[in-house]
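A quick write-up on the structure given underneath.
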Amino acid sequence: MKIRSESSRLPAYFEKNFFPHGISLLETNGRKRLFVINHRLRTSPRPADPDNLANRLNISAGEVRQSYVEICRIAKGPDGEVLVHERTVSDKDALALGPAPRGARGFVLNDLVAVGPQQFLATNNPRGWRQSVAITIFRNPIGNIVYFDGEKYSVVKGRIDYGNGINASADNRMIYVATSLDGDLVTYRTNLNVPGDKQPEIISLEEDGPRMRLGGYLDNIEWVDSTRREMIIASHANLAVLGLQSFDAPVTAPSQIVRFTVGDNGLPVSASAKLIYANNGDQISATSVAAYFKDKTRERLFVGSIFGEQFLTCKLDAH
């Protein structure tokens, strides 16, 4: 799709500072909006002191990754559908009410789900070496879930064990969150209204039902189709190897994808879980997401990864 702005040109950073991460498509009243987390990079300034070691050695002061959310609507153009960029939600809005950490430096969104034309929920995992040690070694669940109400962020659920993928039921009443370290799929019941209605001023998330353990360290969650009765979720089999690959080590990270149903009560059905893809990393390494497609003649699974520059397309057996 071509992308344009409400004004004559897109923000300047789109050309060189657009690093999409989480993504969510919202369809309400025949209208479509696309929400994208953009992890823009900002170079940290060097200290003013000329005797500072960084200045003496002429080394970079480093980069800070910031979490912005780009909101676009999908409109009809003369040559097909186009993305029209409507607004950027800055991480300056991230001074959220609720438990620390607050502010841009500790505010790194992982995934989001749109629940209204300008509203979304997102998993937030503070970054920094201290936070990483607290989460991975001491297993301190300092992540959270944040809500953007169209004007500001607020923390709606704290003490999340490294929340990763997040998704919602069609009526917004159930929110599903994948945790990476515990490997649990957690279901929350909410007081949200359907996407087209006005949302309440105070949002609540109450954990509902037993957590579902699917094996591995969970990543992104996707619905199979618009009925929202089946989900697919990608997971990592070995976090140590995944960590090595993030440092450009010559290794491949094994992956797996699980498919399962959601009951009439909105809770995942553990007995329905079925492993539909598993690989040691030779086909695609560090799988992070999978999307399902089916028409009259084809059934496909499209698989993406954290570090790869391509997708894997898989045929699925009829079922």
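The values are calculated or read from the model by the stated rules, or taken from the named source; none is laboratory data. In this text the structure is predicted, and so the values were computed from the model without any measurement. No Cβ is skipped: glycine too gets one built from the backbone with ideal geometry, and neighbour counts run over all protein chains shown.
Can you find a residue in region 299-308 that is over 23 Å from the mean Cα position of the chain (by Cα) and of a type in the set (K, R)? Scanning region 299-308 turns up no residue that is over 23 Å from the mean Cα position of the chain (by Cα) and of a type in the set (K, R). Considering region 72-117, the residues that are assigned to a strand (DSSP E or B), within 24 Å of L205 (Cα to Cα) and at pLDDT 70 or above include one that is farthest from the chain's Cα centre (by Cα), namely V89. Under the condition of being at positive phi and at pLDDT 85 or above, the residues counted in region 150-175 number 2.
For region 193-200, state whether one or more residues are under 17 Å from T123 (Cβ atoms) and of a type in the set (K, R). The answer is no; no qualifying residue exists. State which residue is modelled with the lowest pLDDT when the search covers only region 5-27 and only residues that are in a strand (DSSP E or B) and within 24 Å of R42 (Cα to Cα). The residue in question is S5.
Do the conditions hold for E206, that is, is it over 24 Å from R33 (Cβ atoms), in contact with a strand residue (DSSP E or B) (Cβ under 7 Å, 6 or more places away or on another chain) and surrounded by fewer than 22 Cβ atoms within 10 Å (Cβ to Cβ)? Answer is yes for this residue.
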